[in-house]
1. Report every pair of residues separated by at least 6 positions or lying on different chains whose Cβ atoms are under 7 Å apart, first residue within region 193-206 and more than 17 Å from residue 177 (Cα to Cα), second assigned to a helix (DSSP H, G or I).
2. If you check residue 81 against the conditions, is it surrounded by fewer than 22 Cβ atoms within 10 Å (Cβ to Cβ) and either in contact (Cβ under 8 Å) with a residue 60 or more places away in the chain or in the same structural domain as residue 195 (by TED's automatic domain parsing) (or both)?
3. Does residue 169 fit the bill of being within 22 Å of residue 104 (Cβ to Cβ) and touching a residue at least 60 places away in the same chain (Cβ under 8 Å)?
4. Just to check your reading of the model, which residue among 88, 159, 184 is touching a strand residue (DSSP E or B) at 6+ places or on another chain (Cβ under 7 Å) and outside any helix (DSSP H, G or I)?
5. Considering only region 61-83, how many residues are under 17 Å from residue 270 (Cα atoms) and assigned to a helix (DSSP H, G or I)?
6. Go through the residues of region 246-265 one by one and say whether even a single one is within 30 Å of residue 319 (Cβ to Cβ), within 20 Å of the chain's Cα centre (by Cα), crowded, with 18+ Cβ neighbours inside 10 Å and at pLDDT below 95.
7. Go through region 205-232 and give me each residue that's assigned to a helix (DSSP H, G or I) and more than 11 Å from residue 128 (Cα to Cα).
8. Could you grab me the full set of residues in region 141-168 that are within 28 Å of the chain's Cα centre (by Cα) and either modelled with pLDDT of 95 or more or surrounded by 17 or more Cβ atoms within 10 Å (Cβ to Cβ) (or both)?
């Protein structure tokens, strides 16, 4: 055998050993992923703009090795029950305290897991176009007890102001109905419900036609990027706090005294407790993920402008991760450490 052949055989033997070593290392790494072999069922409301924050959590779980299934759409009240029963794994858009009654009715801390705050700065309330607010000096929704003022917003001409409200089952509709009653507006204001996206699109169209508008919305959301508070529209205050259910005695006034009728909310990731306790890596991930409300609003505006397909949202999430790679990698590292 020549020296060349001996050298070639030695090289191939070494390469083979390295290949085996790499395969074993890769296999070991796969086995070390805490989510290997574990299924995850994400839940989300029918609000398309809540897909972005859900997909970010899904991508982080996939990095931990979890088998993440496609999102199931289900309204909030039912979603909490599904999570409690183990028919869903997590939901990334639990509005706290708006959904507090849903949480309690589904079993609370005994059945559900939530720690940390995913998104801060979630506000809700009523707005009207600034032109009408300035002309008629409207600053408080209780002023709409005056039939002449209410008539300004009567698009369907049934004698009541049309308040663009929210979908049945979201939780905000109960607050709106309770406040209409509490402020003596039953005879002059009517909450319009159905598909919020369709109702708010009609509201924006009316604004662009120069007509008065009255609507409910929240932040982070794209609407305030189109109808800008302070420029196009203005927030209305309420005469006093009037939340329904277990929050009926809660003061909704802000530290500066302004009262928009809703408590400031945070969005939290809520999960099935039994599953979370069996998966400490995922539980840790849920508790440490943080997302800027401005980033959510910016992504939502892209959706409103036409980038609203599942592929678009995936691309937006990938772009966010790339722009915040160090933060994202830090979440994964911390979650991995929790598993060991």
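1. These pairs meet every condition: 200/223; 204/226.
2. On the way: surrounded by fewer than 22 Cβ atoms within 10 Å (Cβ to Cβ): yes; either in contact (Cβ under 8 Å) with a residue 60 or more places away in the chain or in the same structural domain as residue 195 (by TED's automatic domain parsing) (or both): no.
No.
3. Judged against the criteria, residue 169 is a match.
4. Exactly one of 88, 159, 184 is touching a strand residue (DSSP E or B) at 6+ places or on another chain (Cβ under 7 Å) and outside any helix (DSSP H, G or I), namely 88.
5. Number of matching residues: 9.
6. As a first pass, look at region 246-265 and keep what is within 30 Å of residue 319 (Cβ to Cβ): 264-265.
Next, only the ones that are within 20 Å of the chain's Cα centre (by Cα) stay: 264-265.
Filter once more, so that each one left must be crowded, with 18+ Cβ neighbours inside 10 Å: 265.
With the extra rule that they be at pLDDT below 95, the set shrinks to 265.
Checked against the condition, which is being within 30 Å of residue 319 (Cβ to Cβ), within 20 Å of the chain's Cα centre (by Cα), crowded, with 18+ Cβ neighbours inside 10 Å and at pLDDT below 95, region 246-265 yields at least one hit.
7. 205, 206, 208, 223, 224, 225, 226
8. Restricting attention to region 141-168, the residues satisfying the condition of being within 28 Å of the chain's Cα centre (by Cα) are 141, 162-168.
Passing the criteria: 141, 162, 163, 164, 165, 166, 167.
The values are calculated or read from the model by the stated rules, or taken from the named source; none is laboratory data. These numbers come from a predicted model, not from an experiment. Reconstructed Cβ throughout: ideal geometry from the backbone, glycine too, with neighbour counts over all protein chains shown.
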